[in-house]
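Before any comments, here is the structure.
The values are calculated or read from the model by the stated rules, or taken from the named source; none is laboratory data. Worth saying up front: this structure is predicted, and the values here are computed from it rather than measured. Note that each Cβ is placed from the backbone with ideal geometry, even for glycine, and that neighbours are counted across all protein chains shown. Heads up: the accessible areas ignore ligands, DNA and RNA and are worked out on the full protein's heavy atoms, side chains in. Shrake-Rupley method; radii C 1.70, N 1.55, O 1.52, S 1.80 Å.
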Amino acid sequence: MPQTTTQQPDSRAWILRMEGVDKTFGGTVHALSGMSLQVNQGDFISLLGPSGCGKSTALRLIADLLHPTRGRITWSGDHDVGDLGVVFQEPTLMPWATVAQNVWMPLRLRGKSYHAVRDDVLEALRLVGLEKFQTAYPRELSGGMKMRVSIARSMVTHPRLILMDEPFAALDEITRFRLNNDLLALKQKIGCTVIFVTHSVFESVFLSDRIVVMAARPGRVIRELAVDEPYPRDESFRTSPEYAAHCREASAALHAAMDQAA
Amino acid sequence: MSLVEDPPAGAPDIVDADEVRRARARRIERIGKWLLPVAVLVVMIFLWDRIVVWNAIPHYILPGPGAVFETLIEDRAMLFSALLVTLQITMLALAAAVLGGVGLAILFNQSRWFEMSFYPYAVILQVTPVVAIAPLIMIYVDNRIAALVLCAWLVAFFPILANTTLGLHSADHNLRDLFRIYGATRWQRLRYLQIPSALPYFLAGLRIAGGLSLIGAVVAEFVAGTGGMGSGLAFRILEAGYRLNIARMFAALLLVAGTGVIIFAGLSFLSHMLLRKWHESALKRDR
């Protein structure tokens, strides 16, 4: 296990630290090079970059699906499997199970009977606005609704950190905007900490308070931008001059990243 | 799922030419699916009867459909007890194929070593024709029913093994990752992820195995030959052949074919019932 637990006093409550993390595949493919990142309680961090910049590799390292070739990933305090919620690019629901059973799954794997956690499951579904669909099967839902189920599932364990790997990339723009708004509303309500992988400048600016811009070949962090606009943010933020300024800045950083890669 | 409300009562339905054409095509298909095969059957039986009558073919060469039907009624006691024997062997073989096929598939899935060691032999058993193995089995297995079941099982278990193995490996990769992230045990992964993923594959294998276990039972009976006690349909066909009782051969054949159809239909229905809520293969397309 690369994840060791250390008790370090810190003025800000940090959750996770990556220190000089390298990941190479087969000795030649440098997927991630020297990535350092500190995730604090309540952060909404976007990893923004072109494809091949190691964003997904970074998430898989944090999720312990991969192990770093070099460097360390440290969780603050005791770390167990319930600390992490994950949303993939596809909804990744079990087609044979109802919506409620899908959301129940992370708790079921920890030995909780449905009866014991029914309220948690329904609460998670209520947060994403799908409490009426608990007995529906995934195939009966639209793409956006499936994604909401996936988000509900990631939150049902009240994780310390939620990883989202381009969750809205496959959705149409209207649905995507709606889900962006709803995700921020959710964040306000439950105060979750999120690392959000995206290749959309607009999405990253609208959602996050920190944007980590990454470049490809080798995957690495180029810049870290702060989006110091207060939450809650709503539709009016999308048309504000501050939003436009942040988008310009992030865009420029992304272009710089792509030039470096080319 | 339509969230649109029905049009208010009394309002005329809006129907365009396309709708009408589609509705008609659906109706024709629904009726035709049953009517056409029945019509073909009637015509064939009629032609069969006429050919026998017009050419004055003797009944020990080709009996007419009427004679076959009469035999079916007259010999019903003997034929149905033979059918029961064959059915018993078929069902035992199918049950053993399900247990053996699924059990082996799970073992293969859980242990790569086990799979590497034994999978080649499962293939060898499958590709060797059962007719060639059956005489040996008859020699070494004393119990006649057990020997027949073993032969039929050899034919039937492989599709279940192969399909279930494929199904257990075909669970969605992201779901696998998710199970890993949530710390699922091997048993939990098998039970909540791999077995449900494998179910459609298993059911497809089961449908094939249903037909194959009947074939296996009949072939094994042929090889076993004379028996007296506990003789199935295949034995009755052989025996009737020796006696030039062609009508009884046809009657027994009819029962074998009917049994095969019923097994297939039953397993298809089972498959539909188990998958209808979620699997693509069992869903009706709306348009």
Of all residues in the stretch A:25-45 being touching a Lys or Arg at 6+ places or on another chain (Cβ under 8 Å) and in a loop (DSSP other than H, G, I, E, B), which is nearest to A:LYS55 (Cα to Cα)?
A:ASP43
Residue pairs qualifying under the 6 Å Cβ cut-off, at least six apart or on distinct chains, with the first in the stretch A:127-139 being within 11 Å of chain B (Cβ to nearest Cβ) and open to solvent by less than 80 Å² (accessible area, probe 1.4 Å) and the second being part of a helix (DSSP H, G or I) and not hydroxyl-bearing (Ser, Thr, Tyr), are A:PHE133/A:VAL99; A:ALA136/A:VAL99; A:PRO138/A:LYS146
Please go through the stretch A:138-165 and give me each residue that is of a type in the set (A, V, I, L, M, F, W, C) and within 15 Å of A:TRP104 (Cα to Cα), ordered by number.
A:VAL149, A:ILE151, A:ALA152, A:MET155, A:VAL156
Positions within the stretch A:82-109 being open to solvent by 60 Å² or more (accessible area, probe 1.4 Å) and either within 22 Å of the chain's Cα centre (by Cα) or more than 8 Å from every other protein chain (Cβ to nearest Cβ) (or both), in sequence order:
A:GLN89, A:GLU90, A:GLN101
If I go through the stretch A:179-213 residue by residue, how many of them are among the basic types (Lys, Arg) and at pLDDT 90 or above?
1
Residues in the stretch A:47-57: is at least one open to solvent by less than 60 Å² (accessible area, probe 1.4 Å), assigned to a strand (DSSP E or B) and either over 19 Å from A:ILE222 (Cβ atoms) or at pLDDT 90 or above (or both)?
yes
Among the numbered criteria (1) within 20 Å of A:SER51 (Cα to Cα); (2) touching a helix residue (DSSP H, G or I) at 6+ places or on another chain (Cβ under 8 Å); (3) open to solvent by 80 Å² or more (accessible area, probe 1.4 Å), which single criterion is violated by A:LYS189?
(1)
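What is the residue count in the stretch A:113-132 for residues that are among the β-branched types (Val, Ile, Thr) and within 20 Å of the chain's Cα centre (by Cα)?
Going through the stretch A:113-132 one residue at a time, the tally reaches 1.
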Run down A:HIS67, A:HIS79 and say which single residue is within 14 Å of chain B (Cβ to nearest Cβ), at pLDDT 90 or above and open to solvent by 40 Å² or more (accessible area, probe 1.4 Å).
A:HIS67
Reported set for the stretch B:31-78 where residues are assigned to a helix (DSSP H, G or I) and touching a Ser or Thr at 6+ places or on another chain (Cβ under 9 Å) is none
Take A:ALA170 and tell me if it is at negative phi and touching a residue at least 60 places away in the same chain (Cβ under 8 Å).
yes
Given the condition within 14 Å of chain B (Cβ to nearest Cβ), surrounded by fewer than 19 Cβ atoms within 10 Å (Cβ to Cβ) and either within 13 Å of the chain's Cα centre (by Cα) or at negative phi (or both), answer yes or no: does some residue in the stretch A:146-156 qualify?
no
Which ones in the stretch B:231-287 are closer than 30 Å to B:PRO200 by Cα, open to solvent by 50 Å² or more (accessible area, probe 1.4 Å) and in a helix (DSSP H, G or I)?
B:ALA257, B:VAL261, B:ILE262, B:PHE264, B:ALA265, B:PHE269, B:LEU270, B:HIS272, B:MET273, B:LEU274, B:GLU280, B:SER281
Quick check on the stretch A:242-262. Is at least one of its residues surrounded by fewer than 14 Cβ atoms within 10 Å (Cβ to Cβ) and outside any helix (DSSP H, G or I)?
yes
Considering only helices (runs of 4 or more DSSP H) fully contained in the stretch B:125-215, which possess at least 2 residues that are modelled with pLDDT of 90 or more, over 17 Å from the mean Cα position of the chain (by Cα) and within 14 Å of another protein chain (Cβ to nearest Cβ)?
B:173-181
Taking the options A:PRO167, A:PRO218, name whichever one is open to solvent by less than 10 Å² (accessible area, probe 1.4 Å) and in a loop (DSSP other than H, G, I, E, B).
A:PRO167
Close pairs from the stretch B:90-110: first in the same structural domain as B:TYR121 (by TED's automatic domain parsing), partner open to solvent by 50 Å² or more (accessible area, probe 1.4 Å) and basic (Lys, Arg), Cβ under 8 Å, at least 6 apart:
B:GLN110/B:ARG186
